[in-house]
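The values are calculated or read from the model by the stated rules, or taken from the named source; none is laboratory data. Here the structure is a predicted model, which is why all the values come from computation and not from measurement. No Cβ is skipped: glycine too gets one built from the backbone with ideal geometry, and neighbour counts run over all protein chains shown. These accessible areas exclude ligands, DNA and RNA; they are computed on the full protein's heavy atoms, side chains included. Shrake-Rupley method; radii C 1.70, N 1.55, O 1.52, S 1.80 Å.
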Amino acid sequence: GKYKRIYLYHIRKTGGTSLNNMFLSLTGDDDKLYKKLNRSLSQRFISNDLVIQGWNPLLIERGHFFYGFSHLPRHQLKLKADTFTLTCLRDPYKRIVSLYNMLIDQVENDPLHPGLKSQKQWLGNSFSDFIDRIPKNELLNQLYMFSEDYNVDEAVKKIKALEFYFFTESFDSDILQLNKILGLNLKPMHVRKASATVGVNITPDESIRLKKMLAPEIELIEKLKK
């Protein structure tokens, strides 16, 4: 139709890595696609006439790709008008717990992970330390992605202006709907589920405090689900 490319506003721990791998698999290449993308200086991967563009804002804004993604918030990117935009959202509380588990898992099993260098300092010695240390734009990343000022109504408006948004909790069925819209054959897959098994003991006080800290983002998700 009127769209020349697809772009994902990738919010950590919502299922974006799984979606990226699903689009990468459309190239028909082998199973080490993410590593190939990471090793590329341009953070670009081309196979069977499909261009996958990751992370590089300059090349994302130029728009010469079939599918692109990054963690950059909307206000830091100028996408071309004929871009099919989408994002995946998740229960805010579960997202933060999953992020903590992932970092703990990386410290133990993948200490050379490129993102760990800066994020390791968020951990401290407990979950309380983590929610005290994590930057606000990471704690409320779903909100910040679409509102620099953490304004719930602004974020709702901008998310609803996307061509497609969906939720981790209904990931597989929403992918089927996305296939119908795009005329593709994306096959649901779930990457990085291993970190969900690490587990963290959260005290009642920590749980209450985290929910209070996440209140604006909880409101955002509730409004979108209505």
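Taking the chain as the reference, fit the longest principal axis to its C-alpha atoms, fit the long axis of helix 171-182 to the helix C-alpha atoms, and give the angle between the two in degrees, 0 to 90, nearest 10. Orientation of helix 171-182: about 30 degrees from the principal axis.
Under 16 Å from a label point set 7 Å out along the Cα-to-Cβ vector of Lys226, the amide N atoms of the stretch 151-177 belong to 152-160. The angle between the Cα long axis of helix 92-109 and the main principal axis of the chain comes to about 90°, on a 0 to 90 degree scale.
Here's how it looks for Ser70: its modeled amide H is under 5 Å from those of Leu8, His10, Trp55, which are all 5 or more places away or on a different chain.
Of His75, His64, His190, His10, the residue with the largest accessible area leads and the full order is His64, His190, His75, His10 (1.4 Å probe).
Counting only protein heavy atoms and a 1.4 Å probe, tell me what percentage of the chain's accessible area is made up of carbon and sulfur. Here carbon and sulfur together make up 50 percent of the probe-accessible area. 3J(HN,Hα) couplings calculated from phi for the stretch 137-147 with the Karplus curve 6.51 cos²θ - 1.76 cosθ + 1.60 (θ = phi - 60°) are, in sequence order, 5, 8, 4, 10, 5, 5, 6, 5, 4, 10, 7 Hz; Gly and Pro show x. Over the chain, DSSP H runs of length four or greater, each weighted -39,500 (n - 2.57), average out per residue to a 222 nm ellipticity of -12500 deg cm²/dmol. For the stretch 49-55, the Karplus equation 6.51 cos²θ - 1.76 cosθ + 1.60, evaluated at θ = phi - 60°, returns couplings of 6, 9, 9, 10, 10, x, 6 Hz by residue, with Gly and Pro reported as x. A cut-off of 5 Å between modelled amide H atoms, ignoring neighbours fewer than 5 places along the same chain, links Val191 with Ser18.
Placing R0 at 35 angstrom, the Cβ-Cβ distance between Asn125 and Tyr150 gives a FRET efficiency of 0.80 after rounding to 0.05. Only one of (1) 37; (2) 46; (3) 30 was calculated from the structure for percent of Cα pairs over 28 Å apart, and its label is (3). Among residues other than Leu77 with Cβ under 14 Å from its Cβ, the summed charge is +4 (Lys and Arg +1, Asp and Glu -1). Once backbone amide H atoms are built at 1.01 Å from N, Leu89 has Phe166, Phe167, Thr168 as its partners under 5 Å, excluding neighbours fewer than 5 places away on the same chain.
Each 5 Å bin from zero up to the one holding the largest Cα-Cα distance in the stretch 71-154 carries the following percent of pairs: 3, 12, 20, 21, 19, 13, 8, 4, 1, 0. In this structure Glu219 has an accessible area near 80 Å², from a 1.4 Å probe over the protein heavy atoms. For Arg62, the accessible area of its heavy atoms, probed at 1.4 Å with every protein chain present, is near 130 square angstrom. Computed from backbone phi, the HN-Hα couplings of the stretch 216-226 come to x, 6, 4, 4, 4, 5, 4, 5, 5, 6, 5 Hz, rounded to whole numbers (Karplus: 6.51 cos²θ - 1.76 cosθ + 1.60, θ = phi - 60°; Gly and Pro given as x).
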